[in-house]
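Novice: I am attaching a structure below and will ask some questions about it afterwards.
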Amino acid sequence: MISIETVATIKYTDQKPGTSGLRKKASHFKQPHYLENFVQSIFDHIKIKTSSENTSIVVGGDGRYYNREAIQIILKIAVANNVGNIMVGKSGILSTPAASNIIRKYNLTGGIILSASHNPGGVNGDFGIKFNTENGGPAPLSVTDDIFTRCREIETYKTALCDYINIDELSESKILNTNIKIFDPVIDYALLMQNLFDFDIIKAMFSNGNFQFIFDGMNAVTGPYAKKIFEEMLGAPKGSVINAIPLEDFGGAHPDPNLKHAKEISKIMFSENPYNLAGASDGDGDRNMILGPNIFVTPSDSLAIITSCSDLAPGYRGRLKGVARSMPTSCAPDIVAEKLGINSFETPTGWKFFGNLLDAGMVTFCGEESFGTSSDHIREKDGVWAVLFWLNILASTKKSVPEIVMEHWQKYGRNYYSRHDYEEIESDKANALVDNLRLKLFDLKGKDFMGLKVENADDFQYTDPIDNSVTTRQGIRIIFTDKSRIIMRLSGTGTKGATLRLYLEKYETNQDKLNLPTQDALSDLIALAEQIAEIKKYTGMDKPTTIT
Ligand code: G1P
Ligand code: ZN
């Protein structure tokens with residue numbers, strides 16, 4: 001007989017309200033009752049909406065250290081709480097976009113995703129847990145705040161005293177009243193991609209043998225998805241997907257798809273013999289980087305180009321509704337939207353702000369400058385999807401990445417764009433810098449800095465067009481009459497001290513000036529940002545720690 005135990009728990013108060021999940025060191029998660037407390041709070045929250053028997057959830061993660069143990073804990077708590085149905089990705093593997101798809105496809109109550117995204121994993125690395133709701137997207141603030149409140153209040157959690165549950169074989173079983181299905185985490189996602197993109201034309205491109213492609217799974221979750229889709233279904237040569245096996249510590253690497261961390265593909269693409277296309281995704285599979293021969297496609301440009309090419313992909317043909325971007329993302333997508341006569345939206349930083357627009361059918365594509373791009377096919381950003389979109393564009397147009405990008409700039413103008421991060425600043429100093437900027441905003445309006453005239457300066461505020469909720473203080477915007485922008489905001493995800501993000505954007509339509517080195521094209525704005533914000537004075541740092 002399997003019995004259910006009610007365990008006394010201590011209350012934790014270190015969750016950060018306003019965030020969409022918990023992200024901490026793995027060792028922190030391993031404290032007695034820590035994960036249990038959060039999981040019980042999720043199930044308690046779900047009970048407000050639906051009975052336990054009718055609750056169906058999917059569970060999986062990016063395969064990092066503690067993933068497997070966490071799944072055992074979750075399953076036992078779910079059984080003890082009488083949860084009706086649980087789907088578990090085989091061996092605990094499930095990318096964030098694939099989880100979003102499963103929730104939507106099978107009309108589940110929600111999903112529990114185990115990941116700390118692009119943060120390093122392993123014994124000394126990070127771990128995380130988040131809850132996605134029935135639309136497949138990250139839980140809205142009202143839900144996460146309720147879960148966090150419960151974490152601080154509950155005194156006990158329930159768990160089933162049963163044996164280790166095998167998650168490494170496809171199976172269906174029942175423990176007490178809970179059906180547990182171990183499913184193939186790749187297949188549903190691969191089918192979704194097949195419905196969106198022109199697989200035949202991409203297959204033909206690979207089969208002619210001249211197209212060289214490489215995808216970096218970064219030893220994280222996308223490896224199995226990429227192998228199945230790129231190599232097996234589309235016929236990319238074996239070995240096109242590198243670092244394809246999810247490892248508990250991501251091989252000691254930092255699974256963040258950017259020029260610094262996706263070293264192998266960056267080296268190839270900026271060499272004398274670059275491939276035609278390279279892509280990479282992060283720990284849990286939602287971020288993407290797109291590289292062409294000697295060119296890094298900025299995520300902002302990628303979103304704009306995908307929007308302008310939407311008819312090339314069968315799943316999007318003739319149904320483009322609108323595009324949304326986070327405020328710091330460059331305005332390149334807006335320019336496309338204007339020309340195409342569709343709506344564009346500017347939302348605060350963070351994927352959750354796209355949810356209502358997508359659910360209301362107001363936007364088709366959305367993205368953030370921080371390597372996040374996706375569409376209404378799910379409610380998360382999607383790394384493999386973005387790479388497939390580029391494969392579809394290249395196969396349909398038979399043009400190269402640099403040609404596609406250059407033609408885009410010639411037609412719509414180029415939004416030179418860069419992000420300068422100042423990391424690990426003392427919080428007081430970072431706050432003082434932003435407070436000082438806020439005081440200056442009014443005086444900045446209309447000011448002329450040697451030809452750069454400020455059209456508007458404000459602290460970004462967003463009113464959601466669906467539920468009218470207002471989100472304030474989302475970052476300082478200094479917008480110039482020539483469409484250049486200087487944006488500054490403090491990171492909401494950093495773990496050590498504060499991170500100041502300075503985003504610089506200059507809009508250029510002069511056909512002779514479309515090919516300048518980015519930092520050169522932005523040099524006036526960089527100097528002006530320093531003059532206005534006095535970054536050196538406040539932070540004591542004379543240059544950014546990271547330039548993207
Ligand atoms: C960063 C990115 C943001 C993204 C978030 C979660 O947040 O800038 O676009 O949604 O990570 O991946 P930040 O640290 O800037 O608050
Ligand atoms: Zn991620």
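The values are calculated or read from the model by the stated rules, or taken from the named source; none is laboratory data. Here the structure is a predicted model, which is why all the values come from computation and not from measurement. For neighbour counting, all protein chains shown are included, and Cβ atoms are generated from backbone atoms with ideal geometry for every residue, glycine included.
Novice: Assuming N288 fulfils every condition listed in (1) touching a residue at least 60 places away in the same chain (Cβ under 8 Å); (2) assigned to a helix (DSSP H, G or I); (3) within 16 Å of ligand 2 (Cβ to nearest atom) apart from one, which condition is it?
Specialist: Only one criterion in (1) touching a residue at least 60 places away in the same chain (Cβ under 8 Å); (2) assigned to a helix (DSSP H, G or I); (3) within 16 Å of ligand 2 (Cβ to nearest atom) is unmet by N288, namely (2).
Novice: A follow-up question, please. With the range 123-236 as the region, which helices (runs of 4 or more DSSP H) entirely inside it contain at least 1 residues that are of a type outside the set (A, V, I, L, M, F, W, C) and under 29 Å from F29 (Cα atoms)?
Specialist: In the range 123-236, the matching helices (runs of 4 or more DSSP H) lie at 141-153, 222-226.
Novice: Cβ contacts < 8 Å: first residue acidic (D, E), restricted to the range 37-66; second residue assigned to a helix (DSSP H, G or I), any location; separation 6+ or different chain. Result?
Specialist: From residues that are acidic (D, E), the pairs are D44/R150; D62/T96.
Novice: Within the range 268-291, is even one residue surrounded by fewer than 20 Cβ atoms within 10 Å (Cβ to Cβ), in contact with a Phe, Trp or Tyr (Cβ under 9 Å, 6 or more places away or on another chain) and closer than 30 Å to N124 by Cα?
Specialist: Looking through the range 268-291, none of the residues is surrounded by fewer than 20 Cβ atoms within 10 Å (Cβ to Cβ), in contact with a Phe, Trp or Tyr (Cβ under 9 Å, 6 or more places away or on another chain) and closer than 30 Å to N124 by Cα.
Novice: Does the range 211-243 hold any residues that are more than 22 Å from N273 (Cα to Cα) and among the aromatic types (F, W, Y), and which are they?
Specialist: Y225
Novice: Would you mention how many residues in the range 531-547 are hydroxyl-bearing (S, T, Y) and more than 18 Å from S427 (Cβ to Cβ)?
Specialist: Residues flagged as hydroxyl-bearing (S, T, Y) and more than 18 Å from S427 (Cβ to Cβ) within the range 531-547 amount to 1.
Novice: Has the range 195-213 got any residue that is free of Cβ contacts under 8 Å to residues at least 40 places away in the same chain and within 27 Å of the chain's Cα centre (by Cα)?
Specialist: yes
Novice: Could you tell me whether S344 is part of a strand (DSSP E or B), touching a strand residue (DSSP E or B) at 6+ places or on another chain (Cβ under 8 Å) and surrounded by fewer than 23 Cβ atoms within 10 Å (Cβ to Cβ)?
Specialist: For S344, the condition - part of a strand (DSSP E or B), touching a strand residue (DSSP E or B) at 6+ places or on another chain (Cβ under 8 Å) and surrounded by fewer than 23 Cβ atoms within 10 Å (Cβ to Cβ) - is met.
Novice: Looking at A432, A395, A337, A332, which is the one that is away from ligand 2 (no atom under 16 Å from the Cβ), under 30 Å from G497 (Cα atoms) and small (G, A, S)?
Specialist: A432
Novice: Here is a further query. Any chance the range 347-364 includes a residue that's assigned to a strand (DSSP E or B) and within 16 Å of ligand 2 (Cβ to nearest atom)?
Specialist: No, the range 347-364 contains no residue that is assigned to a strand (DSSP E or B) and within 16 Å of ligand 2 (Cβ to nearest atom).
Novice: Just give me the residues in the range 247-267 being more than 16 Å from ligand 1 (Cβ to nearest atom) and crowded, with 23+ Cβ neighbours inside 10 Å, in sequence order.
Specialist: Answer for the range 247-267, where residues must be more than 16 Å from ligand 1 (Cβ to nearest atom) and crowded, with 23+ Cβ neighbours inside 10 Å: F250, A262, I265.
Novice: Right, something else. Output the number of residues of the range 249-268 satisfying the condition of being polar (S, T, N, Q) and free of Cβ contacts under 8 Å to residues at least 12 places away in the same chain.
Specialist: Summing the residues that are polar (S, T, N, Q) and free of Cβ contacts under 8 Å to residues at least 12 places away in the same chain in the range 249-268 gives 0.
Novice: Residues K411, K447, K399: which one is surrounded by fewer than 21 Cβ atoms within 10 Å (Cβ to Cβ), within 30 Å of T472 (Cβ to Cβ) and either at pLDDT 95 or above or more than 29 Å from the chain's Cα centre (by Cα) (or both)?
Specialist: K447
Novice: Mind listing whichever residues of the range 453-490 are surrounded by 15 or more Cβ atoms within 10 Å (Cβ to Cβ), in a loop (DSSP other than H, G, I, E, B) and in contact (Cβ under 8 Å) with a residue 60 or more places away in the chain?
Specialist: F460, D464, Q474, G475, K483
Novice: Among the residues of the range 373-383, is any among the β-branched types (V, I, T), more than 16 Å from ligand 2 (Cβ to nearest atom) and in contact with a Leu (Cβ under 8 Å, 6 or more places away or on another chain)?
Specialist: No; the residues of the range 373-383 include none that is among the β-branched types (V, I, T), more than 16 Å from ligand 2 (Cβ to nearest atom) and in contact with a Leu (Cβ under 8 Å, 6 or more places away or on another chain).
Novice: Starting from the range 322-338, keep only residues that are farther than 13 Å from N415 by Cβ, then list their pairs with residues that are outside any strand (DSSP E or B) and within 16 Å of ligand 2 (Cβ to nearest atom) whose Cβ atoms are within a distance under 9 Å, requiring at least 6 positions of separation or different chains.
Specialist: A324/F354; S326/T349; S326/G350; S326/W351; S326/F354; S326/E369; S326/S370; M327/T349
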